[in-house]
Number of protein chains: 2
Amino acid sequence: MNRQASNTGETEQVQTDGDRVCCSAEHSLSEDELAADVQLLSALGNDTRYEALRLIAGTDSDVCVCELEPALGVSQSAVSQALSRLYSAGLVSRRKDGRWRYYAATPQAERLLDALDDVRGGADA
Amino acid sequence: MNRQASNTGETEQVQTDGDRVCCSAEHSLSEDELAADVQLLSALGNDTRYEALRLIAGTDSDVCVCELEPALGVSQSAVSQALSRLYSAGLVSRRKDGRWRYYAATPQAERLLDALDDVRGGADA
DNA sequence: TGCTAATATTAGAAATTACTAATATGAATC
DNA sequence: GATTCATATTAGTAATTTCTAATATTAGCA
């Protein structure tokens, strides 16, 4: 509907050219759910953030920022921003301890990471 | 709920196991695995591509490009580029049939989408 | 009370992404 | 063979992202 339609003769007609009717496909997610999923996925879809999350999830206890900086190889500011984004995506929780902040992966994050490991494993469905 | 709403009420338990040395955290993924995961995730982390994949996965049969265009509300070129990216991320397969191309979700994609549904469901771990 | 350490925030530059318009390709139809 | 249709590719641009440097904040310590 917000299609440009500036093309040659391309209007929104049902084109019954053959056996398949070219109609619009559908899915079952609401717009909000889609947006939420994309938020989550795009939070994960960045080297720094993804590796940060893996580092956090890979530790039994929680992890302080200072442990992440050397492993990630970006500036302190970049690490902090990465963690912030993960936090607002609900992928990590944080806890203050004096001057430090400790981060831990949320159950949601754990589950997604497990799914990714699973998929990487390659077993078919 | 580990949601960000509680910005103000951050837990501040002063846990003084002061022997914490600030070393570098670790995880178990190779650099290649990390990169591959990020590729996958960033392929998913975009409105157009994610919705396209949902549309494709939500159909029993496979889906032709022309069915996606009206649903996605972007240009034909953008749809094609989105599908290309999904394809090279291994999230969809494609099949030629005359002038048409039909796309289907790969098992890998199905599993990831299931995991996302699962996580969205909210059941804890 | 000032100093330092750990982290957060801001601003702006550089890199990347995602789109549209235009054009190319390849299959079907005339 | 020319035309048309479905899709892919290319080029260019606008928008977004991600980083660094600089600065702010907050907690412990001298």
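Nothing in this text is a laboratory measurement; each read-out follows from the coordinates by a stated rule. As the structure is a prediction and not an experimental result, all values here were calculated from the model. Ideal geometry is used to build each Cβ from the backbone, glycine not excepted, and the neighbour counts take in all protein chains shown.
Tell me the label-point distance for the pair B:Ser84, B:Arg101, using the 7 Å Cα-to-Cβ offset, in nm and rounded to one decimal.
With each label point 7 Å from Cα toward Cβ, the separation is 0.8 nm.
Using only Cα atoms, figure out Rg for segment B:50-125 and give it as a multiple of 2.2 N^0.38 Å. Working shown, then result.
Numbers: Rg = 13.2 Å, N = 76, 2.2 N^0.38 = 11.4 Å.
Compared with the compact-globule rule of thumb, segment B:50-125 sits at 1.16.
Can you give the local net charge around A:Ser28? Use residues other than it whose beta-carbon is closer than 10 angstrom to its beta-carbon, Lys and Arg +1, Asp and Glu -1.
Details: positive: B:Arg54; negative: A:Glu26, A:Glu33, B:Asp117.
Summing Lys/Arg as +1 and Asp/Glu as -1 gives -2.
Read phi for every residue in segment B:107-118 and hand back ³J(HN,Hα) as whole Hz from Karplus 6.51 cos²θ - 1.76 cosθ + 1.60, θ = phi - 60°, with x for Gly and Pro.
The phi angles translate into x, 4, 5, 4, 5, 5, 5, 4, 4, 5, 4, 4 Hz.
Exactly which trypsin sites (Lys or Arg not before Pro) in segment B:71-125 are in a DSSP loop and have at most 10 other Cβ atoms within 10 Å? Intermediate results must be reported in sequence, preceding the final value.
Working: sites: B:Arg85, B:Arg94, B:Arg95, B:Lys96, B:Arg99, B:Arg101, B:Arg111, B:Arg120; in loops: B:Arg99.
Here the trypsin sites (Lys or Arg not before Pro) that fit, given the DSSP loop and packing criteria, are B:Arg99.
Residues with amide H under 5 Å of B:Cys64's amide H, sequence separation 5 or more or different chain, H placed in the peptide plane at 1.01 Å from N; which?
B:Tyr103
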